[in-house]
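Accompanying notes for the structure given below.
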Amino acid sequence: MADTFAFEAASVHGRFQPFHRGHLEYFRAAKQRCRFLWIGITQYLAPAMQATTPEDLHRSLPQNNPLTFFERADIIRLTLASEGFAGDEVGVIPFPIEEPDLLQNFLDTSVPVFTTVYDDWNRHKVQVLRSRGYQVHILWEREYKEYAGIAIRSSILAGTDDWHGMVPAATAQYLAHLDIAERLKRLGLTPADQE
């Protein structure tokens, strides 16, 4: 029996600093609705080159963006492969939500965008995407994030193992290979900065 999908192709997006279990839940929910899923990586330029957005200034800080576009793309591909998703089911692209006039260079407006809502920044993104002609589908709206990049980065810097339970195993292995704690220290971030 052939799979039936609501959409041939659709998309999700995020900073993925790093890719965590909440992102995996988001991915799975979107992938159930489409045959092919584009995964858009926001903040894809080096922090010094990246546009800022007044609605969520912390997103642009170097210490909140320790991974490059290519490292995040690798982590996503490896993690999804380890979770049983075929490489021909997904693609990774830049997603310049901070510069919405550039979005159509990476994702055609005919491709629906799946997103989630946790805060005002998410609501702002929905408005921006719809104003640019994208069909936006909100998968869920919640008040609390079970997993958050800031908590993961803080745990890594504090030297605790808590963050291992927040990310898929393939993500944890990749971050260990990068010695991400040392990189975060070089960026000048300490656990106290996260509070």
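Please enumerate the residues belonging to region 145-167 that are under 17 Å from the mean Cα position of the chain (by Cα) and more than 17 Å from ASN65 (Cα to Cα). Passing the criteria: LYS145, GLU146, MET166. Tallying residues that are in a strand (DSSP E or B) and not aliphatic (A, V, I, L, M) within region 69-126 yields 5. Based on what the data block shows, is ALA170 of a type in the set (Gly, Ala, Ser), under 18 Å from the mean Cα position of the chain (by Cα), closer than 18 Å to HIS20 by Cα and buried (at least 17 other Cβ atoms within 10 Å of the Cβ)? Yes, satisfied. Selection within region 22-47: residues that are within 12 Å of THR115 (Cβ to Cβ) and outside any helix (DSSP H, G or I). The member of this set that is modelled with the highest pLDDT is GLY40. Quick check on ARG130: is it more than 19 Å from ARG15 (Cβ to Cβ), out of contact with any helix residue (DSSP H, G or I) (no Cβ under 9 Å at 6 or more places or on another chain) and among the basic types (Lys, Arg)? Against the criterion (more than 19 Å from ARG15 (Cβ to Cβ), out of contact with any helix residue (DSSP H, G or I) (no Cβ under 9 Å at 6 or more places or on another chain) and among the basic types (Lys, Arg)), ARG130 qualifies.
Could you check TYR144 against (1) part of a helix (DSSP H, G or I); (2) more than 27 Å from PHE5 (Cβ to Cβ) and say which number it fails? So TYR144 meets the others, but not (1).
Taking region 90-119 as the range and being more than 17 Å from the chain's Cα centre (by Cα) and more than 19 Å from HIS137 (Cβ to Cβ) as the test, the residues that pass are ASP101, LEU102, ASN105.
Residues checked against (1) surrounded by 14 or more Cβ atoms within 10 Å (Cβ to Cβ); (2) in contact (Cβ under 8 Å) with a residue 24 or more places away in the chain; (3) of a type in the set (Val, Ile, Thr):
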position	(1), (2), (3)
LEU107	yes, yes, no
VAL111	yes, yes, yes
THR116	yes, yes, yes
GLU141	no, yes, no
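Can you find a residue in region 69-78 that is exposed (fewer than 15 other Cβ atoms within 10 Å of the Cβ), hydrophobic (A, V, I, L, M, F, W, C), over 21 Å from ALA10 (Cβ atoms) and at pLDDT 95 or above? So far as region 69-78 goes, yes, one or more of its residues are exposed (fewer than 15 other Cβ atoms within 10 Å of the Cβ), hydrophobic (A, V, I, L, M, F, W, C), over 21 Å from ALA10 (Cβ atoms) and at pLDDT 95 or above. Scanning region 68-102 for residues that are among the aliphatic types (A, V, I, L, M), in contact (Cβ under 8 Å) with a residue 24 or more places away in the chain and within 17 Å of ARG33 (Cα to Cα) yields LEU80, VAL90. A single member of TYR147, TYR134 is modelled with pLDDT of 95 or more, over 23 Å from PHE85 (Cβ atoms) and surrounded by 15 or more Cβ atoms within 10 Å (Cβ to Cβ), and it is TYR134. Against the test of being closer than 28 Å to GLN173 by Cα, among the hydroxyl-bearing types (Ser, Thr, Tyr) and at pLDDT below 95, the options SER11, SER60 yield a single qualifying residue, SER60.
Listed by first and then second residue, the pairs with beta-carbon distance under 8 Å, at least 6 apart or on different chains, first residue in region 168-184 and under 18 Å from ALA158 (Cα atoms) and touching a residue at least 60 places away in the same chain (Cβ under 8 Å), second of a type in the set (A, V, I, L, M, F, W, C) and in a helix (DSSP H, G or I), are LEU175/ILE75; LEU175/ILE156; ILE180/ILE156; LEU184/ILE156; LEU184/LEU157. Looking only at residues of region 1-40 that are of a type in the set (Phe, Trp, Tyr) and closer than 19 Å to PRO66 by Cβ, we find that the one that is surrounded by the fewest Cβ atoms within 10 Å (Cβ to Cβ) is PHE16.
The values are calculated or read from the model by the stated rules, or taken from the named source; none is laboratory data. For clarity, every value in this text was computed on a predicted model and none was experimentally measured. Using ideal geometry, Cβ is built from the backbone for each residue, glycine included, and neighbour counts are taken over all protein chains shown.
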